[in-house]
Amino acid sequence: MAQKIDVEQVRSVARLARLELSESEIEQFAGQLSAVLEYFEKLNELDTSQVEPLAHCLPIHNVFRDDTPQASLSTEEALGNAPQRSADYFKVPKILDDASGA
Amino acid sequence: MDVFDLTARQLAQEIAAGRLRSLDATQAILERIDKVDPHVGAYLHVCRNHALATAQRVDDKVARGEPVGPLAGVPIAIKDNLCTRFAPTTCASKILDGFVSPYDAHVVERLQAADAVIVGKTNLDEFAMGSSTENSGLGKTVNPWDPQCVPGGSSGGSAAAVAAGLAWAALGSDTGGSIRQPASFCGVIGLKPTYGRVSRYGLVAYGSSLDQIGPITRDAMDAAWLLNVIAGHDARDSTSVPADRAPVPDYLAALNEPAADVKIGVVPALNEAAEPDVVRAVRQAIEVYAAAGAEIVELAMPHFDYAIACYYILATAEASSNLARYDGVHYGHRTADAGDYVQVYTRSRAEGFGPEVKRRIMLGTYALSSGYYDAYYLKGLKVRQLIRSDFTSAFNRVDCVMMPVAPTTAFKIGEKVADPLQMYLADMYTLAANLAGVPALSIPCGFDGRGLPIGLQVICAPFAEDRLLRIARLYEEGRDWSTRRPSCG
């Protein structure tokens, strides 16, 4: 029987999730995720056409607060765990090509 | 008097009265951790200097005759997904190895304001994803009752610490059973409060509509004592419920309420689906209630069986979104091998996350992706409605529902790691309470043929933790389960 999710789909989901997977992980996940997705089919035994989706188990109300300034993290605290920083910034590789005209 | 024979609350009373010193209790537990924890592996970090300094401050308060908080210098462990400024917060993940939070979790502030001594941070399945603590990326924890077996998970370090006498009490977090199941496997009390009862501010998010923090303790009284401190509104968690909608009672005082006429719901087919020793122990525990005057009511919960599929769709969907923040840029591990900015994300995450976290991110991303959203995520939300309605109907008829915590006792290390679906199926009894948001606890109710603890699960209506703890206490009265200790403890 065809797997619920094949290696190409695993690759595509990994791209969406920003995860680099090895070939052996891709093979393994295709099998394991297919087994789990197969199991999820169990939910189709239930007719839910008349059921409202429930995003939160208890009644959730909008919570507002006054728009007043409050203390927040200092720049040093916010940057304290940065893997790389430059002055008061998080440092990352160049995002735009020199030729991109940006 | 052996200080280790005292419950947490008894120790607090002794310290507050000046009959024992917090510093002595803290030094005693640190020595015991040095001696025993190499064999158990409950802790990822022991906060030695922080603990000793806190203990000294509590003793000084007592000596000066100043009032001390209710936790009065008692050494307590917390799960390492609770943010602390004074110690690393790793979630047992390589991606957060060495991370030190710039703020304390709400519950950490509450513990400290109550004069607890936070002695260390305990091991867990990476990002609280797992049922055995085998998914920890940073350490191995074993079951104090049998080192060949898992302690359960994901709060396996907290449960093992309390069972082995390496802390007087602990905090865990429970997204699908992560407090109750390890409590069951380790023979201690574990309470998952109602969603919204305890602020999640500073709890590293896994499944935000399901996560809840709660106590792991030796007895129900200690659980009530700790819940008194951590329950209540906090504006920094918008799902934290304000007092005008659900006041926080005195949970310790509630233990004195009468409860013998409690109405207990059971779903016979469900309770008989566990292994024989578990079925027997749970039946006998319910008979104890019946003998005390409880009425046993048979219930049907027709959607309970769908909780596993429902949970693993919704929790992984939420996880895939929550874990997007680990990007190798703001904090945590960054790959040394990135050619461009996309590889900063993809390789940092590949190197930092373990297999189960990757699996759940993949499942959740798939369930939310274009073309599959309706079939999985939306379907899951609708089934969640049905599962909650099972509980609503049940609590119209009964005060609580009783069932096993887990279908088995602690399983062997390595037994289920190769087959994720088998590991998920073992969560069959605990997931529904998270989906419905209701409070539930695990109480030790006996041992299997190999001498491993069995847990009885008690589930109550939203915000009925006082009733839940009273029902648990009723079972403890006159039994000795809570005094039987593992060989290493």
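The values are calculated or read from the model by the stated rules, or taken from the named source; none is laboratory data. All values reported here derive from a predicted model rather than from experimental measurement. No Cβ is skipped: glycine too gets one built from the backbone with ideal geometry, and neighbour counts run over all protein chains shown. Remember, those area values only see protein heavy atoms, side chains included, never the ligands or the DNA or RNA. Shrake-Rupley method; radii C 1.70, N 1.55, O 1.52, S 1.80 Å.
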Could you count how many residues in region B:328-371 are over 13 Å from B:Ser93 (Cα atoms), more than 7 Å from chain A (Cβ to nearest Cβ) and either open to solvent by 20 Å² or more (accessible area, probe 1.4 Å) or in a helix (DSSP H, G or I) (or both)?
-> 11
Restricting the search to region B:143-174, which residues are of a type in the set (Val, Ile, Thr) and part of a helix (DSSP H, G or I)?
-> B:Val162
So which residues in region B:372-394 are within 26 Å of the chain's Cα centre (by Cα), open to solvent by 40 Å² or more (accessible area, probe 1.4 Å) and away from chain A (no Cβ under 12 Å)?
-> none
Just to be sure, is B:Glu287 of a type in the set (D, E, K, R), more than 30 Å from A:Tyr89 (Cβ to Cβ), within 23 Å of the chain's Cα centre (by Cα) and assigned to a helix (DSSP H, G or I)?
-> no
Find the residue count for region B:76-108, including only residues that are free of Cβ contacts under 8 Å to residues at least 40 places away in the same chain and out of contact with any helix residue (DSSP H, G or I) (no Cβ under 7 Å at 6 or more places or on another chain).
-> 3
When region A:12-48 is examined, which residues are found to be open to solvent by 70 Å² or more (accessible area, probe 1.4 Å) and touching a residue at least 12 places away in the same chain (Cβ under 8 Å)?
-> A:Glu27, A:Glu38
Flagged pairs (Cβ under 6 angstrom, 6 or more apart or on separate chains; first in region A:49-65, within 12 Å of B:Leu210 (Cα to Cα); second part of a loop (DSSP other than H, G, I, E, B) and of a type in the set (Phe, Trp, Tyr)) are A:Cys57/B:Tyr195; A:Leu58/B:Tyr195
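Which one of B:Pro88, B:Pro38, B:Pro70, B:Pro75 is open to solvent by 60 Å² or more (accessible area, probe 1.4 Å) and under 22 Å from the mean Cα position of the chain (by Cα)? Spell out how you get there, then give the answer.
Numbers: B:Pro88 fails: open to solvent by 60 Å² or more (accessible area, probe 1.4 Å); B:Pro38 fails: under 22 Å from the mean Cα position of the chain (by Cα); B:Pro75 fails: open to solvent by 60 Å² or more (accessible area, probe 1.4 Å).
The unique qualifying residue is B:Pro70.
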Can you name every residue in region A:1-25 that is facing another protein chain (nearest Cβ under 10 Å) and either part of a helix (DSSP H, G or I) or at pLDDT below 95 (or both)?
-> A:Lys4, A:Ile5, A:Gln9, A:Val10, A:Ser12, A:Val13, A:Ala14, A:Arg15, A:Leu16, A:Glu25
Please find, within region A:55-73, the residue that is farthest from the other protein chains (Cβ to nearest Cβ) out of those that are open to solvent by 100 Å² or more (accessible area, probe 1.4 Å) and of a type outside the set (S, T, N, Q).
-> A:Pro69
Give the residues of region B:52-67 that are under 27 Å from B:Arg218 (Cβ atoms) and open to solvent by 10 Å² or more (accessible area, probe 1.4 Å), sorted by residue number.
-> B:Leu52, B:Ala53, B:Thr54, B:Gln56, B:Arg57, B:Asp59, B:Lys61, B:Val62, B:Pro67
Give the number of residues within region B:462-475 that are touching a strand residue (DSSP E or B) at 6+ places or on another chain (Cβ under 8 Å) and open to solvent by 30 Å² or more (accessible area, probe 1.4 Å).
-> 1
The number of residues in region B:1-45 that are outside any loop (DSSP other than H, G, I, E, B), of a type outside the set (Phe, Trp, Tyr) and modelled with pLDDT of 95 or more is 30
